[in-house]
Amino acid sequence: MTPALPLLLTLALALSTDDLKLLQDPDGWEYVTVSDQDAGIQTQHVCFDGQPHPDQCSGKLTLHPDKTFVQQVTIHGQNVYRHGTYELDDQEISFFDEYGTRDGPYSLQLNSQKKSLVLSMPQLRIELELSSQYKQDLDQKKAR
């Protein structure tokens, strides 16, 4: 048995084929909300507060089928680019950046109907929306 096979069997139990395809959508996921616990008080990042601020802040996470990821975040004109690999284990995901530094595991909650993804750990919660859905929602808000 190859090392990848147990991982695939685990994924089959945790995510359906359609869910996995959605998670690995080539257009990626847009950051919507980032909140963390600071001294026990829940706070939201001023850029990622649930309201789009594309001129000030934007963030995108793309998970590829070959278990690599790309993260591009812009906050007040500063670009942060990360890439590396990720591991899925049941309903958790861990990221390993270009330096091998582990980030996670995060609890993974995928809602295929809302096209939303929540990554969370006790001190951090990240809400993302499928990029195509995010753009559609943004266009609708601009049209109002």
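Tabulated values for the structure
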| read-out | value |
| --- | --- |
| Failed item in (1) more than 12 Å from the chain's Cα centre (by Cα); (2) modelled with pLDDT of 95 or more, with S94 passing the rest | (1) |
| Flag for D66 being loosely packed, with under 10 Cβ neighbours inside 10 Å and at pLDDT below 95 | no |
| Residues within the stretch 131-144 that are under 21 Å from T17 (Cβ atoms) and in contact with a strand residue (DSSP E or B) (Cβ under 6 Å, 6 or more places away or on another chain), tallied | 1 |
| Identity of the residue in the stretch 80-123, hydroxyl-bearing (S, T, Y) and in a strand (DSSP E or B), that ends up surrounded by the fewest Cβ atoms within 10 Å (Cβ to Cβ) | Y81 |
| Extreme residue, modelled with the lowest pLDDT, among residues of the stretch 125-144 that are surrounded by 12 or more Cβ atoms within 10 Å (Cβ to Cβ) and either among the aliphatic types (A, V, I, L, M) or more than 21 Å from S58 (Cα to Cα) (or both) | L138 |
| Meets criteria (modelled with pLDDT under 55 and part of a loop (DSSP other than H, G, I, E, B)) for T2 | yes |
| Meets criteria (among the acidic types (D, E), farther than 17 Å from S132 by Cβ and either surrounded by fewer than 16 Cβ atoms within 10 Å (Cβ to Cβ) or at pLDDT below 95 (or both)) for D55 | yes |
| Near pairs, Cβ below 8 angstrom, 6+ apart or cross-chain, from the stretch 63-91 (farther than 17 Å from Y106 by Cβ) to any residue that is modelled with pLDDT under 85 and in a loop (DSSP other than H, G, I, E, B) | I75/Q56; H76/Q56 |
| Residue in the stretch 124-143 that is assigned to a strand (DSSP E or B), out of contact with any helix residue (DSSP H, G or I) (no Cβ under 9 Å at 6 or more places or on another chain), farther than 17 Å from Q24 by Cβ and of a type in the set (G, A, S) present | no |
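Matching residues to (1) modelled with pLDDT of 95 or more; (2) within 19 Å of Q136 (Cβ to Cβ); (3) among the aliphatic types (A, V, I, L, M):
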| position | (1), (2), (3) |
| --- | --- |
| A14 | no, no, yes |
| T43 | no, no, no |
| L61 | yes, yes, yes |
| H76 | no, no, no |
| Q123 | no, no, no |
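The values are calculated or read from the model by the stated rules, or taken from the named source; none is laboratory data. Just so you know, these numbers come straight off a predicted model, no measurement behind them. Methodologically, a virtual Cβ is constructed for each residue, glycine included, from the backbone with ideal geometry; neighbour enumeration extends over all protein chains shown.
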